[in-house]
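Colleague: Just passing along the structure, written as structure tokens.
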Amino acid sequence: MTSNQDLSEWVTQVAALTQPESIHWCDGSEEENSALKELMLSTGDLLRLNEETHPNCFLHRSDPKDVARVEHLTFVCAELEDDAGPNNNWMSPDDGHAKIDPLFAGSMKGRVMYVIPYLMGPYGSPFSRAGVEITDSPYVVVNMRIMARIGERALHHIEDCKSFVKGLHSLGDLSPDRRCIMHFPEELLIKSIGSGYGGNALLGKKCHALRIASSQARTEGWLAEHMLILGLESPAGEITYVAAAFPSACGKTNLAMLVPPEGYEGWKIWTVGDDIAWMHLGSDGRLWAINPEAGFFGVAPGTSLKTNPNCMNTLGRNAIYTNVAVTEDMQPWWEGIDGEKPTNLIDWQARKHDPEITGKAAHPNSRFTVSANQCPSFSPEGDAASGVPISAIIFGGRRASVSPLVFEAMDWEHGVFAGASMASETTAAASGQIGQVRRDPMAMKPFCGYNFADYWAHWLSFSKKSDKLPKVFHVNWFRKAEDGEFLWPGFGENMRVLEWIVNRCEGSVEADETPIGYVPKPDSLNLAGLDIGPATMRSLLGITPSVWVNEINEIEEYFNTFGKKVPDVLYAQIKRVRQAVSAEI
Ligand code: SAT
Ligand code: MN
């Protein structure tokens, strides 16, 4: 089926191990897609949603124990443990293969084995990379068709350029006891078994485009990051591109599709991507970003016409929903969607919804999969082979206290420090406790395919290669008052912070210098039309020295867990900030 010998040998080998009933090479065609959906409708893997209100939309209910990424079962199998680093679970490649291969033995018996050639990134872009996912899940095929560019063109790319990432996936028996997701960066190989869910199963996404790609990017001198990409167009028609890193389920999709609030007539946000950015230094010294994905795999709960109208206008057709609830007449429903809560909801586990007994109707990590080019704000540059030039990088966490609404780093080194010391409260996107503050450097804790200490050094190395790097900022939309209420309205109002950021990039607005970076002067954030008083603004922008001494101590303790490899520059930042905040106590 292919002239690439490496690929055909691998397919033969995998078939011998997994023993499928048949092998299907995916061409990515509409006919193939319809046939797969018909198949899944007949097995109950998919349910058709209300054709009148949601044309060509489907619901998939996953196994109730298989609803999120599983970080404790995710491994980086580099030769040297030190290359994986303390930020990853490690196994030697030999041990990794020895553990996972027996789980694949016969795992596809009675099933079809699908071979999906895919391309991450626009056709014709020198930055795009190919992969092949082998899977026994038709759900994976139809989702990959939305999230990546799959089929014949991708196969031609593989045949032309030879190098590609191999991803082997099987549902296995879906038992959490026999589930693991392994990455072999030195072999450009991924093996995942026992989960059909999102980032565990759609291997082009987190496994390839972040874990494997970040390790390739390190050796090749580029960056593979957990970042949205947006373009902010001013009334004068100038577009400034921004890349922003937030942990999963912290609002990347909402920010990427933001609709400017009242008072911002003539402004427009263009969406390039909502989850992943691959960034290369251009010959002009600027960082150019592409979105390796072709679709959105977004969190449904909380999405509404109020929080994200562009998204609501994207996902009403040709979408696959996973683990949402449905109304009596088969419309998708989730907590936070517009309108009154309907009676007689069926919850994500197909039960009659009763909040007293069964809790939330939609799973908190329920998702939609939808093509990016359906989005009303999808950028005309979204498929550009060159990517878009990035003027600002934003890091952001979900923190009830400590971090101000926004600050600008003093320089690249300080920006890397701000990214490396990011912390955020955990969300439902990964299994485990929700709401615990943990360090999540560059929002890459679950996704960096190598040692964070080397990763920070890699980030730092860019300032030696260019003096036209983006400015770096840190934001926190989630700061709370003593009473637990959010201080900042968020969503569309985040435009005000984006405007300040762009103005800082242009040097057209002043800021106050503080020990932790530049913060807006009280009157330099546009608050017109917002009911936010000066006291609230002080709380939002406040930097409490005693709290920051504590924060710096925690950051230092965290860095220490990475041993001697941590770049001195980061410790110098600790020293500088500690001295400055201590002097203010
Ligand atoms: O399930 S995914 O890992 O793809 C989504 C996310 O956690 O960002
Ligand atoms: Mn993500």
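The values are calculated or read from the model by the stated rules, or taken from the named source; none is laboratory data. What you see is a predicted model; the values in this text were computed from it and never measured. Counting neighbours? That spans all protein chains shown, and the Cβs are built from the backbone with ideal geometry, glycine included. Areas reflect the complete protein model, heavy atoms only, side chains present, ligands, DNA and RNA absent. Shrake-Rupley method; radii C 1.70, N 1.55, O 1.52, S 1.80 Å.
Colleague: What about Gly285, is it assigned to a strand (DSSP E or B) and either surrounded by fewer than 19 Cβ atoms within 10 Å (Cβ to Cβ) or within 22 Å of the chain's Cα centre (by Cα) (or both)?
Modeller: So Gly285 does not fit the description; no.
Colleague: Please indicate, with yes or no, whether at least one residue in region 113-135 is over 24 Å from the mean Cα position of the chain (by Cα) and farther than 21 Å from Glu9 by Cα. Can you show your working first?
Modeller: Of the residues in region 113-135, the ones over 24 Å from the mean Cα position of the chain (by Cα) are 113-115.
Retained after the next criterion (residues that are farther than 21 Å from Glu9 by Cα): none.
So far as region 113-135 goes, no, none of its residues is over 24 Å from the mean Cα position of the chain (by Cα) and farther than 21 Å from Glu9 by Cα.
Colleague: Please verify whether region 428-448 includes one or more residues that are of a type in the set (Gly, Ala, Ser), farther than 21 Å from Ala392 by Cβ and in a strand (DSSP E or B).
Modeller: Scanning region 428-448, I find at least one residue that is of a type in the set (Gly, Ala, Ser), farther than 21 Å from Ala392 by Cβ and in a strand (DSSP E or B), so the answer is yes.
Colleague: Mind checking whether some residue in region 407-421 is open to solvent by 10 Å² or more (accessible area, probe 1.4 Å), over 27 Å from Thr514 (Cα atoms) and in contact with a helix residue (DSSP H, G or I) (Cβ under 9 Å, 6 or more places away or on another chain)?
Modeller: no
Colleague: OK, next. Only one of these conditions is not met by Pro380: (1) at pLDDT 95 or above; (2) open to solvent by less than 30 Å² (accessible area, probe 1.4 Å); (3) assigned to a loop (DSSP other than H, G, I, E, B). Which number is it?
Modeller: It is condition (2) that Pro380 fails.
Colleague: I'd like to know if region 445-467 contains one or more residues that are within 20 Å of Leu287 (Cα to Cα), among the aliphatic types (A, V, I, L, M), open to solvent by 20 Å² or more (accessible area, probe 1.4 Å) and more than 16 Å from ligand 2 (Cβ to nearest atom).
Modeller: There is at least one residue in region 445-467 that is within 20 Å of Leu287 (Cα to Cα), among the aliphatic types (A, V, I, L, M), open to solvent by 20 Å² or more (accessible area, probe 1.4 Å) and more than 16 Å from ligand 2 (Cβ to nearest atom).
Colleague: Considering only region 175-218, state which residues are farther than 23 Å from Asp94 by Cα and more than 16 Å from ligand 1 (Cβ to nearest atom).
Modeller: Hits for region 175-218 are Ser175, Ala217, Arg218.
Colleague: Which residue is most open to solvent (accessible area, probe 1.4 Å), if the candidates are limited to region 157-199 and must be more than 19 Å from Ala15 (Cα to Cα) and polar (S, T, N, Q)?
Modeller: Ser163
Colleague: Quick check on my filter: what residues within region 362-389 are more than 18 Å from the chain's Cα centre (by Cα) and among the hydroxyl-bearing types (Ser, Thr, Tyr)?
Modeller: Ser377, Ser379, Ser386 - these are the residues of region 362-389 that are more than 18 Å from the chain's Cα centre (by Cα) and among the hydroxyl-bearing types (Ser, Thr, Tyr).
Colleague: Something else now. When you check His474 against the structure, is it in a strand (DSSP E or B), touching a residue at least 12 places away in the same chain (Cβ under 8 Å) and open to solvent by 10 Å² or more (accessible area, probe 1.4 Å), yes or no?
Modeller: So His474 passes the test.
Colleague: Out of curiosity, is Trp278 open to solvent by 10 Å² or more (accessible area, probe 1.4 Å), in a strand (DSSP E or B) and away from ligand 2 (no atom under 12 Å from the Cβ)?
Modeller: Values: open to solvent by 10 Å² or more (accessible area, probe 1.4 Å): no; in a strand (DSSP E or B): yes; away from ligand 2 (no atom under 12 Å from the Cβ): yes.
Answer is no for this residue.
Colleague: Which condition number does Thr253 fail, the rest of (1) open to solvent by 10 Å² or more (accessible area, probe 1.4 Å); (2) away from ligand 1 (no atom under 16 Å from the Cβ); (3) closer than 24 Å to Met144 by Cβ; (4) of a type outside the set (Asp, Glu) being met?
Modeller: (2)
Colleague: With the requirement that a residue be assigned to a loop (DSSP other than H, G, I, E, B) and farther than 15 Å from Gly204 by Cα, what does region 128-162 give you?
Modeller: Residues of region 128-162 that are assigned to a loop (DSSP other than H, G, I, E, B), as a first pass: 128, 136-137, 148, 151, 162.
Scanning region 128-162 gives Asp136, Lys162.
Colleague: Now for a different question. Go through (1) open to solvent by less than 10 Å² (accessible area, probe 1.4 Å); (2) touching a strand residue (DSSP E or B) at 6+ places or on another chain (Cβ under 7 Å); (3) of a type in the set (Phe, Trp, Tyr) for Tyr241 and report which single condition fails.
Modeller: All conditions are met except number (1).
Colleague: Determine whether Gly492 is out of contact with any strand residue (DSSP E or B) (no Cβ under 7 Å at 6 or more places or on another chain), more than 16 Å from ligand 1 (Cβ to nearest atom) and modelled with pLDDT of 95 or more. Can you show your working first?
Modeller: Details: out of contact with any strand residue (DSSP E or B) (no Cβ under 7 Å at 6 or more places or on another chain): yes; more than 16 Å from ligand 1 (Cβ to nearest atom): yes; modelled with pLDDT of 95 or more: yes.
It is true that Gly492 is out of contact with any strand residue (DSSP E or B) (no Cβ under 7 Å at 6 or more places or on another chain), more than 16 Å from ligand 1 (Cβ to nearest atom) and modelled with pLDDT of 95 or more.
Colleague: Which residues, counting only those in region 384-397, are open to solvent by 30 Å² or more (accessible area, probe 1.4 Å) and either outside the structural domain of Phe478 (by TED's automatic domain parsing) or in a strand (DSSP E or B) (or both)?
Modeller: Ser391
Colleague: Moving on to the next point. Limited to region 288-333, what total is found for residues that are within 16 Å of ligand 1 (Cβ to nearest atom) and among the aromatic types (Phe, Trp, Tyr)?
Modeller: Counting residues in region 288-333 that are within 16 Å of ligand 1 (Cβ to nearest atom) and among the aromatic types (Phe, Trp, Tyr) gives 3.
Colleague: Identify the single condition in (1) among the acidic types (Asp, Glu); (2) in the same structural domain as Ala243 (by TED's automatic domain parsing); (3) outside any strand (DSSP E or B) that Asp512 does not satisfy, given that it satisfies every other one.
Modeller: The failed condition is (3).
Colleague: Then there's this: Just wondering, is there one or more residues in region 549-560 that are surrounded by 15 or more Cβ atoms within 10 Å (Cβ to Cβ) and touching an Asp or Glu at 6+ places or on another chain (Cβ under 6 Å)?
Modeller: So far as region 549-560 goes, no, none of its residues is surrounded by 15 or more Cβ atoms within 10 Å (Cβ to Cβ) and touching an Asp or Glu at 6+ places or on another chain (Cβ under 6 Å).
Colleague: With the requirement that a residue be open to solvent by less than 70 Å² (accessible area, probe 1.4 Å) and more than 16 Å from ligand 2 (Cβ to nearest atom), what does region 350-369 give you?
Modeller: Passing the criteria: Ala350, His353, Asp354, Thr358, Gly359, Ala361, Ala362, His363.
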